[in-house]
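Student: After the structure tokens below, expect a handful of questions from me.
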Amino acid sequence: MHKNIFIDVPEKVEESQVFKDILSNLEEEGLGDDGETIYILQRPMLVAQEKKYYEYGVTLIVQNKKIIFIDCSPYESDNQFEYYCEDFIDDINALVTEKYPQYFKVLGRKREWSNFFVKGSKESHEILSKVESRKVKILTSVIIGSIQQFVDFDESTLENEEISVLEAVKNKIMLFDTNQTKFVYKEDVDKPIISLQGLAGSGKTELLLHKIRKIFVDETTARIGVTCFNRVLAESLTSRIIDFFNIMKVSEQITAKRLFIAHSWGSRNDPNSGLYSKICSAYGIEFQRYSNNRKNSEVWQDAINYLKTQDFEPIFDYLFIDESQDFEPEYIKLCSMVSKKVYVAGDILQNIFSENSMFSYEDTDYVLNRVYRTDPRTILFSHIIGFGLIEKPVVRWLKDNEWEMAGYEVSQPDKAGMVTLKRENIKRFEGSDELSKVSSIKIFNEEITSDSIARAIDDIQEKNPDVKASDIAIVFTYYNQRHTRPIAKELGRKLLSDYSWDYVLVPEEKRIGHDNEVTITNINNVKGLEFPFVIVVANQELNTISKTDLKEDIEREIRKRNALYMALTRSFISSYLIMSNNNVPATYLDKLIEATEEISEKPIIRVKKPEPDDIIDEKLLYGLNSQLIKTQEDLILEILNEFNVTDSDKRDILEIISRKKEIKNGTMERKVVKSIIEQAIDFLN
Amino acid sequence: MKYEDNKVQKEIIMKTPQELAIKYHERLSIIEAKQEFSDIVNRINYLFFSTKNELIYFCLVLYKYFLDEEENKYSTFEKEEKQSILFKFSFYRKNDRILVDSENKLMSIYLPFIPIIDNGNRYLESRFNQKEKIDINDIIFLLDYFEASIFLNYEQLSPMEQMIRIENIKDDFTRSGEGFADIDADKMGRLISELLYYDSSYLRYDIDFECSIEIDEQGRIIEEKVFNHPPYHIDSDYRDSPSYKIGFDKKITKEEFIKLFQFENNAPAMIIRSGYKPKELVQDVKAYKEQKGEK
């Protein structure tokens, strides 16, 4: 069956000739090939099951066309079909006017939109205008339960035939595709741990929100827990849940008893500050603080071992873990012990680095490989970096089914051993298809200064005159108070003086940017966020990998590539990468620039399929995740601890060594750092 | 050192009540906390402080501007009138005061740490121990601590519990922000004690006609109210209950307010004439009321 068709009809309808004809017609006409999902269903998803519909009635929704009611009955059906059409529209009207009044604001009264529904059988109907198509899309979202929040929605754009790219991004209407609808409304898997894997930008988190809401409303006694790695993520997720519940008119108050949202760790004195602290307090496990000297996995294992000796009841009915790739397998195991059911949602490609079998291809229950946020060329490029596809050795070469899971089409190798990697060009928002004329990814080979970052901003402004401060995020791959902050501050002053834009420095202010603010941030704080434009500043040294390098060095390099992948895929429209020969080998940088040229028009690249010997040993990749990047600061501290330096001396030493060029360039070579520290200690004595 | 008239256009607390509620709701539900915090945030952003934590937080915000050399941060904005100035602040080393100047309000408080500009380098010095230099990282940490303190009342905790809070913030910083790894928790503890130790020496000059107006049955201004709440007055404390008002017989300028603090050697002190009930004040209140009526 066609992959872009979502079907939810009774069996007898599926067996009917009329229905079979509909399917074959759709196939013939090639509808849905642009990546937009076709829906064939009997009832709107959000209408209570008690409400019955005519058993042969079916509604067919194809984007850019009117919504069609079809009678699949083999018999003459009296007035049943007429009633079906009326009931359907009435129920939609109730949702629009009563349940989700934000829709009433954009759609208006029934008479203003009911003419987008027609009765018919299989004949195709006229293509609608852009204005009409938008309204059909909005109606579709009510029917399939992909409820929009319309928070910053500008209704005036709804009536404009032509809108700018930025307007299209800001006012886009997201529809669940087949997999997404199944996950939220028609879950067909019954397992204690359900794994939902998506690429960055595939709408995972939004989907989790819908699922959480559904359980919260449908099962009034269920105890639900939600967690993600760090405080920043947990706070932004909490905020999203509050706003989402508000918009979705969830009447019951969110209390920690029913819906517990916290980051993964927490603190000893406040059991509600984190999931681990909650578990410790609930079962009387001794709480351990985060420490540089002890592996997180050991901390979780201690808790698991303790629980194994106890007779205990789960404290949750459902536990949701977002960005699961950031967690050690032990953590997820611990979660599955304290909850009846666990949903883990993570990034497919980062999970491939995990030795946890629940993330394997076979064990993933829902795959979301269609990326609605980011341009496919940007995604391809991010994978080129993340997987080291143009490096030797290659960091990671996927198996055929894994490539498919990641949304790729891979050709057979030619005589020279070259293969083509291709991503589908899907329609992400109105006008996104026309963006292929403009590069979605650009590398600036320049020294990292506030000026080079400003040049990227100029480029954005030139192509998008209506760009606002809040449309741009600047992401430093390495944020350090001593080295990066001065550049960030200088950039901030430039934004104020040259652009009249204010800014927020997220690593220290720890808040979301306001309307007139450019977001200046780092890897740890940008996860889960999205912006029309992203400028990634690669101010961390990037080295070529050799198979003879120390394990620790290889791991570090892979993590840096992973971090770049994550940061680059935050954009809706385009991503900029500022890299310099000062800390990236020139040959590698040239290759990356070449790659951006090759993919500038289409998300297709030819690369050499590596021989098994030219791929990094899988064992090295296990347990790697993007979060635990060992920073230069960590390395310095490690060495300082070896020297038994006092806290107050530490400050002076850090001050002295921070002026050294090698340190500024972010070197992570232990030998180099150690000798610089030794010199500083000598100087102080 | 005089460090004058730095224009600030950003509110003191930039986090939204929702962001704060998520972070600090502890004993309340997030929704309740959001409502409660929203009032606190509004009050602070209007420069009405009611606890010492809030005053300290405010000082730290000013220190951050100072250390970041951002006194002229918004100079271009001003030209384009994109954002109006919310307040101006000055540091006076002579008698260790901060002066804050906003619409219809002048405020002065004690300068807890000593701001130093040495050969273009800026830093702060502790008064307890002048060898203790305080840099931007320390201030960022302290801001975090006192922000939490405003909403969670850390001052009510035992010193041991306070130290645990400091360790928790340190954990958070080391986990999520790079470059904070050398935070010295003991030093933070000392600086927090120091900030809480000093009296804030708060004084606020307000121009407030609204509260001076009370009308009798004939619609006339009641004079007693004018002298009970003089439209040009000084509040002696940031807390309501111990505060009392000292009125002026006319509107005073910023310069006159500054003179109260006797910056110059041998500067004359202000002398209060007792039992004096200036008629002009009643006239001013009447004029204000009539003008308001016309609008």
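Student: Can you name the residue in the stretch A:250-304 that is more than 29 Å from residue B:182 (Cβ to Cβ) and assigned to a strand (DSSP E or B) and is also nearest to the other protein chains (Cβ to nearest Cβ) among such residues?
Tutor: Among them, the one singled out is A:261.
Student: Hey, which of the helices (runs of 4 or more DSSP H) in the stretch A:93-178, taking only ones fully inside, have at least 1 residues that are among the aromatic types (Phe, Trp, Tyr)?
Tutor: Because the criterion is at least 1 residues that are among the aromatic types (Phe, Trp, Tyr), the helices (runs of 4 or more DSSP H) in the stretch A:93-178 that meet it are A:101-107, A:110-113.
Student: Among A:507, A:532, A:486, which is within 11 Å of chain B (Cβ to nearest Cβ) and either within 20 Å of the chain's Cα centre (by Cα) or surrounded by fewer than 20 Cβ atoms within 10 Å (Cβ to Cβ) (or both)?
Tutor: A:486
Quick grid of which residues meet (1) at pLDDT 95 or above; (2) not polar (S, T, N, Q):
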residue: B:86; (1), (2): no, yes
residue: B:104; (1), (2): no, no
residue: B:110; (1), (2): yes, yes
residue: B:147; (1), (2): yes, yes
residue: B:151; (1), (2): yes, yes
residue: B:161; (1), (2): no, yes
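Student: Pick out the one residue from A:385, A:390 that is in a loop (DSSP other than H, G, I, E, B), of a type outside the set (S, T, N, Q) and closer than 30 Å to residue A:556 by Cβ.
Tutor: A:390
Student: Okay, next question. One residue is enough: does the stretch A:264-282 have a residue meeting the conditions buried (at least 21 other Cβ atoms within 10 Å of the Cβ), under 27 Å from residue A:149 (Cβ atoms), without any contact (Cβ under 8 Å) to a residue 40 or more places away in the chain and under 23 Å from the mean Cα position of the chain (by Cα)?
Tutor: No: the stretch A:264-282 contains no residue that is buried (at least 21 other Cβ atoms within 10 Å of the Cβ), under 27 Å from residue A:149 (Cβ atoms), without any contact (Cβ under 8 Å) to a residue 40 or more places away in the chain and under 23 Å from the mean Cα position of the chain (by Cα).
Condition check ((1) under 17 Å from the mean Cα position of the chain (by Cα); (2) over 30 Å from residue A:475 (Cα atoms); (3) aliphatic (A, V, I, L, M)) across all residues:
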{"site": "B:104", "(1), (2), (3)": "yes, yes, no"}
{"site": "B:139", "(1), (2), (3)": "yes, no, yes"}
{"site": "B:192", "(1), (2), (3)": "no, yes, yes"}
{"site": "B:200", "(1), (2), (3)": "yes, yes, no"}
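Student: Under the condition of being more than 13 Å from residue A:146 (Cα to Cα) and at pLDDT 90 or above, which residue from the stretch A:197-216 is surrounded by the fewest Cβ atoms within 10 Å (Cβ to Cβ)?
Tutor: Step by step, filter the stretch A:197-216, then rank; the result is A:215.
Student: Within the stretch A:653-662, is even one residue touching an Asp or Glu at 6+ places or on another chain (Cβ under 7 Å) and either at pLDDT 80 or above or at the interface with another protein chain (Cβ under 10 Å from one of its Cβ atoms) (or both)?
Tutor: Yes: one or more hits.
Student: Might you check whether a residue that is of a type in the set (A, V, I, L, M) and in contact with an Asp or Glu (Cβ under 9 Å, 6 or more places away or on another chain) occurs anywhere in the stretch A:312-325?
Tutor: no
Student: I need the strands (runs of 3 or more DSSP E) fully contained in the stretch A:9-81, keeping only those with at least 1 residues that are within 25 Å of residue A:214 (Cα to Cα).
Tutor: By residue number, A:38-41, A:57-61.
Student: In the stretch B:1-28, which residues are more than 30 Å from residue B:120 (Cα to Cα), within 8 Å of chain A (Cβ to nearest Cβ) and not polar (S, T, N, Q)?
Tutor: Result: B:15, B:19, B:22, B:23, B:26.
Student: Return yes when residue B:292 is surrounded by 10 or more Cβ atoms within 10 Å (Cβ to Cβ) and part of a loop (DSSP other than H, G, I, E, B) and no when it is not.
Tutor: The answer is no for residue B:292.
Student: Look through A:499, A:479 and report the one residue that is out of contact with any Pro (no Cβ under 7 Å at 6 or more places or on another chain), within 11 Å of chain B (Cβ to nearest Cβ) and either buried (at least 21 other Cβ atoms within 10 Å of the Cβ) or not basic (Lys, Arg) (or both).
Tutor: A:499
Student: Write out, first by first residue and then by second, each pair whose Cβ atoms fall under 7 Å of each other, whose residues are 6+ apart or on separate chains, and whose first residue, in the stretch B:29-41, is within 11 Å of chain A (Cβ to nearest Cβ) while the second is among the hydroxyl-bearing types (Ser, Thr, Tyr) and not in a helix (DSSP H, G or I).
Tutor: As it stands, the answer is B:29/A:255, since those pairs meet every condition given.
Student: Name the one entry in B:81, B:125, B:69, B:132 that is modelled with pLDDT under 95, over 22 Å from residue B:40 (Cα atoms) and surrounded by 15 or more Cβ atoms within 10 Å (Cβ to Cβ).
Tutor: Checking each option against the conditions leaves just B:132.
Student: Is it the case that some residue within the stretch A:510-523 is free of Cβ contacts under 8 Å to residues at least 12 places away in the same chain and within 13 Å of chain B (Cβ to nearest Cβ)?
Tutor: Yes, the stretch A:510-523 contains a residue that is free of Cβ contacts under 8 Å to residues at least 12 places away in the same chain and within 13 Å of chain B (Cβ to nearest Cβ).
Student: For the stretch A:517-530, what are the residues that are outside any strand (DSSP E or B) and modelled with pLDDT of 90 or more?
Tutor: A:530
Student: So, residue A:460, is that one of a type in the set (Val, Ile, Thr), assigned to a loop (DSSP other than H, G, I, E, B) and more than 14 Å from every other protein chain (Cβ to nearest Cβ) or not?
Tutor: no
Student: Within the stretch A:43-82, track down each residue that is exposed (fewer than 15 other Cβ atoms within 10 Å of the Cβ) and either aromatic (Phe, Trp, Tyr) or at pLDDT 95 or above (or both).
Tutor: Passing the criteria: only A:75.
Student: Assess whether residue B:169 counts as being of a type in the set (Val, Ile, Thr), within 14 Å of chain A (Cβ to nearest Cβ) and not in a loop (DSSP other than H, G, I, E, B).
Tutor: Here the answer is yes, as residue B:169 does meet what is asked.
The values are calculated or read from the model by the stated rules, or taken from the named source; none is laboratory data. From a predicted model like this one, the values you see are computed outputs, not experimental measurements. We place every Cβ from the backbone using ideal geometry, glycine too, and count neighbours over all the protein chains shown.
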